[in-house]
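K.L.:
Here it is, the structure in full.
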Amino acid sequence: MNCKELAFLLADYFDGTMDPQLRSELETHLAMCEPCMKFANTFRKTCEKTAQLRKSIEHKIPDEVRARLASFVIAAVEKYPEKMQEYRNQAEQERKEKVLSLLRAAVAGRLSSMASLLVETHCAACPGCKEYFGRLSEAKAGSATPSQEIDAHVTRLMESLPPDDEFFLA
């Protein structure tokens, strides 16, 4: 694990949702890297202070504004249903292409260390994905269309990557 990867994983580390193996790697890195230890302590304190601040400030969208916004969105959808369907189709196609790109990168051994770790950790807990990625690697066929379940799992893995972080190596 490197310093950049650690920075993106701190929220999961502090809220206790991190995989035990990943947690161990993060703690090993923290023990050896003083700048990251200081950053982690600052991050934790900032999160605690932010949580306290949130409790003291109540942000609520007024019901009237919420209703007007909902009416506007519904009216736009009703007025331009073909545009909404076009948008949904485009978004779904882009998502499918990204899933296939991740699968091809995994087969080629070109996943970033963060993506590789996420896939390995997930496969350790998910027999279906473990079998699929195993077969995919053996066949070296990164173009095999995944089942809906595998597709959903890979999509969730991609969504857990830090924003703007590519999942494959250049």
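K.L.:
Give the range 84-106 a look and list any residue that's surrounded by 13 or more Cβ atoms within 10 Å (Cβ to Cβ), over 18 Å from ILE150 (Cβ atoms) and among the charged types (D, E, K, R), or say none.
P.N.:
Selection gives nothing.
K.L.:
Select, from MET18, MET37, the only residue that is farther than 18 Å from MET114 by Cα and touching a helix residue (DSSP H, G or I) at 6+ places or on another chain (Cβ under 7 Å).
P.N.:
After ruling out the rest, the residue left standing is MET37.
K.L.:
Only one of VAL107, VAL99 is β-branched (Val, Ile, Thr), in contact with a Lys or Arg (Cβ under 7 Å, 6 or more places away or on another chain) and closer than 30 Å to TYR132 by Cα; which? Write out each step before concluding.
P.N.:
Details: VAL99 fails: in contact with a Lys or Arg (Cβ under 7 Å, 6 or more places away or on another chain).
Going through VAL107, VAL99 in turn, the sole match is VAL107.
K.L.:
Give the residue, chosen from ALA91, ALA105, that is at pLDDT 85 or above, in the same structural domain as GLN148 (by TED's automatic domain parsing) and within 30 Å of PHE14 (Cβ to Cβ).
P.N.:
Result of the check over ALA91, ALA105: ALA105.
K.L.:
Write out, first by first residue and then by second, each pair whose Cβ atoms fall under 7 Å of each other, whose residues are 6+ apart or on separate chains, and whose first residue, in the range 79-95, is free of Cβ contacts under 8 Å to residues at least 24 places away in the same chain while the second is in a helix (DSSP H, G or I) and surrounded by 10 or more Cβ atoms within 10 Å (Cβ to Cβ).
P.N.:
Close Cβ pairs (under 7 Å, with a partner that is in a helix (DSSP H, G or I) and surrounded by 10 or more Cβ atoms within 10 Å (Cβ to Cβ)) amount to MET84/VAL77.
K.L.:
Further, regarding this structure: Search the range 107-130 for residues that are surrounded by fewer than 17 Cβ atoms within 10 Å (Cβ to Cβ) and assigned to a helix (DSSP H, G or I) and pair each with any residue that is among the basic types (Lys, Arg) and at pLDDT 85 or above when their beta-carbon atoms are under 8 Å apart and the residues are at least 6 apart or on different chains.
P.N.:
Final answer for the pair search is ALA124/LYS130.
K.L.:
Quickly run through the range 117-165 and pick out the residues that are over 11 Å from the mean Cα position of the chain (by Cα), closer than 19 Å to LEU9 by Cβ and modelled with pLDDT under 85.
P.N.:
The one that is over 11 Å from the mean Cα position of the chain (by Cα), closer than 19 Å to LEU9 by Cβ and modelled with pLDDT under 85: LEU117.
The values are calculated or read from the model by the stated rules, or taken from the named source; none is laboratory data. These numbers were taken from a predicted model, which means no experiment stands behind them. A quick note on method: Cβ atoms are made from the backbone with ideal geometry, for glycine too, and the neighbour counts reach across all protein chains shown.
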